[in-house]
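Colleague: For reference, the structure I am asking about is given below.
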Amino acid sequence: MIAKKSFPEKGLSEDLIMERILEAYHLDMDFNCGKIFGSMCTSPLEIARKVHGMFLDSNLGNPGLYEGTISLEREVHGAVADLINAPDGYEAISVGGATEGNIMGLWKARNQSGKRKVLLPVSAHFSFKKACDLLNMEPVMIPLGEDYLPDLAVMEDRLDGDTAAVVGVAGTTELGIVEPIEAIAEIAGDVHLHVDAALGGFTVPFLDNSDISVFDFSIPGVDSLVLDPHKMGLSTVPLGLYYSRDEHPISVESPYLTGKHQKTITGTRTSASIPAFWSVMKYLGSQGYRKILEGCMEKTYWLMERGVSLGLDPVISPVLNIVTFHHDDPCGVVDRMAQNGWNISRTVTPPGLRFVVMPHVTKDAIDNMIPVLEESL
Ligand code: 0PR
């Protein structure tokens, strides 16, 4: 527990405030320090920072006051709908990130089916555990095969008349695998299929790799999908985009506000990050994203090679910008690295060391990290 301190009685001068603020600011790790390998977020583009700062007042929980933000939101929703092949009649909702989007998808599935079981590959992000708990749904875990893909035979076997939803992941948190959504859709049949494309949404469309399977609404069985501008969308936190194939059926009336109803879980909600992302999208275009991702993939393979030269064994050949090496004591390595100021993360299935090669990870940063990793193994 944090000790109680008296709430400030008298105001302080700006100078005194900034002294303490700067002290705290410099304690935070900076993406450009070259030591962050465990984050799926990155330093937002300069234009995103600038625009985000301009829209601090905006609150789409009360949309009638923010016509400008809404107009940019519509453009974002439309353009991203094109990126993920959303069908006519789709609905898009800006959310705080994939956690919220995953809850929205399962919420829709539960209410429409009146059922509670969710088939969840072991690879699925822990946010689904929150979703199931909140929605009183029952996760039915689907094991992974030797290739770390969901065991489709088991999935088929577990799907029954009580199943509300099936989940597939495009860009798994631990390995960056794009699961075979098309095959999962075939198994799901009429059951709601929710795709978590938090990472894959802004990577797969920009990779020229025909080996990566399709994950989006071009598969008729995909009912809902979330993707995160605040990850490889390279914009500011927090922003996720939730898409539903048809109208999202859940809303409550919001009588005191300018909007007639709210569909989001949060009331006052993420807003400045929408114009910020609009700017990034316009600034980079597909070409810009492609180029940045190409750089990330080159560095990903470089990091893999350097790891292999230390005797580490990559779990898979990287598909997206994540390298994971098998390791028996990942917690120990992560802790030893952290003691020296380096941030890497661990995986559970299988136990391993995970490196996320976001745009802030430079080749020099990799070269500087490798000797520290060697000492920490
Ligand atoms: N789905 C997938 C596939 C994810 O990888 C994540 C987050 C989520 C959903 C949840 O997204 P939000 O946290 O945006 O709601 N995965 C990252 C991870 O666990 C989250 C993260 C982000 C971790 C930034 C560290 C960090 O610095 O690695």
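The values are calculated or read from the model by the stated rules, or taken from the named source; none is laboratory data. None of these values were measured; they are calculated from a predicted model. Neighbour counts run over all protein chains shown; Cβ positions are idealised from the backbone, glycine included. Please note that ligands, DNA and RNA were not included when accessible areas were found on the heavy atoms of the full protein model with its side chains. Shrake-Rupley method; radii C 1.70, N 1.55, O 1.52, S 1.80 Å.
Colleague: Using only protein heavy atoms and a 1.4 Å probe, report how much of Lys115 is accessible, in Å² to the nearest 10.
Modeller: Accessible surface of Lys115 is approximately 80 Å².
Colleague: Cut-off under 18 Å on the C-alpha distance; same-chain residues fewer than 8 positions from Lys291 excluded. Which aspartates and glutamates are left, in chain and number order?
Modeller: Within the straight-line cut-off, Lys291 pairs with Glu46, Asp208.
Colleague: List every residue whose amide H lies under 5 Å from the amide H of Arg346, counting only residues 5 or more places away in sequence or on a different chain, with H placed 1.01 Å from N in the peptide plane.
Modeller: Distant-sequence amide H within range of Arg346: Arg354.
Colleague: In a shell of Cβ-Cβ distance under 11 Å around Met358, excluding Met358 itself, what net charge do Lys and Arg (+1) and Asp and Glu (-1) give?
Modeller: Summing Lys and Arg as +1 and Asp and Glu as -1 gives +2.
Colleague: Could you tally the net charge around Ser224, taking each other residue with its Cβ under 11 Å from the Cβ of Ser224, Lys/Arg +1 and Asp/Glu -1?
Modeller: Working: positive: Lys108, Arg245; negative: Glu91, Asp196, Asp223, Asp246.
Once positives and negatives cancel, what remains is -2.
Colleague: Roughly what would the spin-label model give for Glu305 and Asp190, points 7 Å off Cα along C-beta, in nm?
Modeller: 5.4 nm
Colleague: So, for the stretch 229-356, what is the accessible surface per residue at a probe of 1.4 Å, expressed in square angstrom? Mind dumping the intermediate values first?
Modeller: On the way: 5690 Å² over 128 residues.
Per residue, the stretch 229-356 has an accessible area of 44 Å².
Colleague: Could you sort His360, His261, His326 by their accessible area in this structure, using a 1.4 Å probe and putting the largest first? Could you put the intermediate results ahead of the total?
Modeller: On the way: His360 15, His261 100, His326 65 Å².
Greatest to least solvent exposure: His261, His326, His360.
Colleague: Whenever you get a sec, compute what percent of the accessible area on the chain sits on carbon and sulfur atoms (1.4 Å probe). Can you show the working numbers first?
Modeller: Numbers: 9480 of 18330 Å².
The C+S portion of the solvent-accessible surface of the chain is 52 percent.
Colleague: Pull up the DSSP beta bridges for the chain and report the antiparallel fraction as a percent, rounded to 5. Walk me through the numbers before you get to the answer.
Modeller: Values: 22 of 40 bridges.
Roughly 55 percent of the beta bridges in the chain run antiparallel, per DSSP.
Colleague: I would also like to ask the following. Can you give me the long-range amide H partners of Val140? Hydrogens built in the peptide plane at 1.01 Å from N, cutoff under 5 Å, separation of 5 or more residues or another chain.
Modeller: Excluding prolines and chain starts, which carry no amide H, the hits are Val118, Leu119, Leu120.
Colleague: Keeping every protein chain in place, order Phe31, Phe206, Phe126 by accessible area at 1.4 Å, biggest value first, i.e. largest first.
Modeller: Values: Phe31 50, Phe206 10, Phe126 125 Å².
The ordering from most to least exposed comes out as Phe126, Phe31, Phe206.
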